2 protein chains.
Amino acid sequence: MPGLTIGDDLPNFQVETNHGKMKLHDYVGDSYTILFSHPGDFTPVCTTELAMMAAYASKFAAKGVKLLGLSCDDVQSHNEWIKDIEAYNKGQKVTYPIIADPKRELIKQLNMVDPDETDSSGHKLPSRALHIVGPDKKIKLSFLYPASTGRNMDEVLRVVESLQKAAKYKVATPANWKPGEPLVIAPGVSNEEAKEMFPQGFDTANLPSGKSYLRFTNV
Amino acid sequence: MPGLTIGDDLPNFQVETNHGKMKLHDYVGDSYTILFSHPGDFTPVCTTELAMMAAYASKFAAKGVKLLGLSCDDVQSHNEWIKDIEAYNKGQKVTYPIIADPKRELIKQLNMVDPDETDSSGHKLPSRALHIVGPDKKIKLSFLYPASTGRNMDEVLRVVESLQKAAKYKVATPANWKPGEPLVIAPGVSNEEAKEMFPQGFDTANLPSGKSYLRFTNV
């Protein structure tokens, strides 16, 4: 199925949201942006997800990250549903915009269609897709979850921090990495360059191949 | 970019692995299977990821889940590299097979190409794609991470448990759900049906819309 994947440009669509009309690139601006779709308003997992995103909004904002929801319901539905989300969320406000895509044009272009899910009229519904878009308007990382699996905002926060570290330093984050733990030095960096780039030092794993490619540091 | 997404069939390719030749559907059999690609052998993040997968292999096996790696290196490279992985992993063995795709045919078909990463000869490399394939040979859930972000095997375990719960009961897992926490009842289940299906009972959230779609239970 065609659609967006990492490295692709986010198309600069004009979209309608419950905060008014906007062009996607204008919204992204110079920030990382989390564009996430949900199958439908007034459904259970979606309510817990949009509530959790509202609860995490300040953590994302502290990293300069914007949030942008999307479903195929219309703006009036979004505004009515937000009352439910905020009540469930003990009054915590949904401050990010939610795109209305009742014609299902965006979800096809943005690789957010779930072929297993249809509404009562037989129309296709979005999957739980989540694309992290960089300040360069390119897709950096994507999750595609089915309707039955709610996303994990701690994992989303974790990968945002990884992306931002790798954009700032020549590093990458190892498996199961958490913020504060050692990172690895990118393979393209020679040991001589690494000594200059990382004056705090680095530890090289001693491996049977004798190759020194696994180097840990802290930044 | 064309490629696999959730709901698509896993193509039944004949593949070469460090455990010999196999057809993908024969390997999947009646199990959930995690098919995960890595950019390259003898590189830092990949080593930590394949080591972590080896460390988690018994947890996945306990859920009846098989593991299957993939990169564009050849079988000889995989076998040499595994010595490094096992040494780094304090001797823990890499028991799952790793596909060798030196002609880069599979990574294109399986939506595992990272357009930003090339090897020293300018050839495309795989992203950190991870597809969870069901016993029906369909893609259930996908992660697409860039070379600089190692995956989180705890999140992979979490979503496997969610998929298995939803396949067994008419439930779904809310945002940030962890095994043992309450689940939500699927929207298509009426309250009357829910009373029969979930004799342990369920709690319905009291929402401003007056709709009773957010129902929590334990299974």
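The values are calculated or read from the model by the stated rules, or taken from the named source; none is laboratory data. The structure presented is a predicted model; accordingly, all values stated were derived computationally and were not measured. Here the Cβ positions follow ideal geometry from the backbone for every residue, glycine too, while neighbour counts run over all protein chains shown. Please note that ligands, DNA and RNA were not included when accessible areas were found on the heavy atoms of the full protein model with its side chains. Shrake-Rupley method; radii C 1.70, N 1.55, O 1.52, S 1.80 Å.
Computed quantities for the displayed model
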item: Residue match in region A:171-186 (condition: over 21 Å from A:Tyr56 (Cα atoms), open to solvent by 30 Å² or more (accessible area, probe 1.4 Å) and outside the structural domain of A:Lys59 (by TED's automatic domain parsing)); result: yes
item: Check on A:Val189, farther than 16 Å from B:Gly150 by Cα, among the aliphatic types (A, V, I, L, M) and either in contact with a Phe, Trp or Tyr (Cβ under 6 Å, 6 or more places away or on another chain) or more than 12 Å from every other protein chain (Cβ to nearest Cβ) (or both); result: no
item: Residue tally, condition away from chain B (no Cβ under 13 Å) and more than 20 Å from A:Gln14 (Cα to Cα), over region A:58-90; result: 7
item: Any hit, region A:99-122, residues being among the polar types (S, T, N, Q), out of contact with any Phe, Trp or Tyr (no Cβ under 6 Å at 6 or more places or on another chain), at pLDDT 95 or above and more than 22 Å from B:Leu214 (Cα to Cα); result: no
item: Residue list for region B:1-59, restricted to those being within 13 Å of B:Tyr96 (Cβ to Cβ) and touching a Cys at 6+ places or on another chain (Cβ under 8 Å); result: B:His38
item: Test result for B:Gly150, under 17 Å from the mean Cα position of the chain (by Cα) and either modelled with pLDDT of 95 or more or more than 30 Å from B:Lys21 (Cα to Cα) (or both); result: yes
item: Residue list for region A:91-120, restricted to those being facing chain B (nearest Cβ under 9 Å) and among the polar types (S, T, N, Q); result: A:Asn111
item: Selection count where residues are without any contact (Cβ under 8 Å) to a residue 40 or more places away in the chain and within 14 Å of chain B (Cβ to nearest Cβ), scope region A:1-42; result: 0
item: Candidates B:Ala51, B:Ala55, filtered to the one that is within 11 Å of chain A (Cβ to nearest Cβ), modelled with pLDDT of 95 or more and farther than 18 Å from B:Ser71 by Cβ; result: B:Ala55
item: Flag if B:Lys137 is of a type in the set (Lys, Arg) and at negative phi; result: no
item: Matching strands (runs of 3 or more DSSP E) fully within region A:121-170 where at least 2 residues are open to solvent by 10 Å² or more (accessible area, probe 1.4 Å) and more than 10 Å from every other protein chain (Cβ to nearest Cβ); result: A:124-126
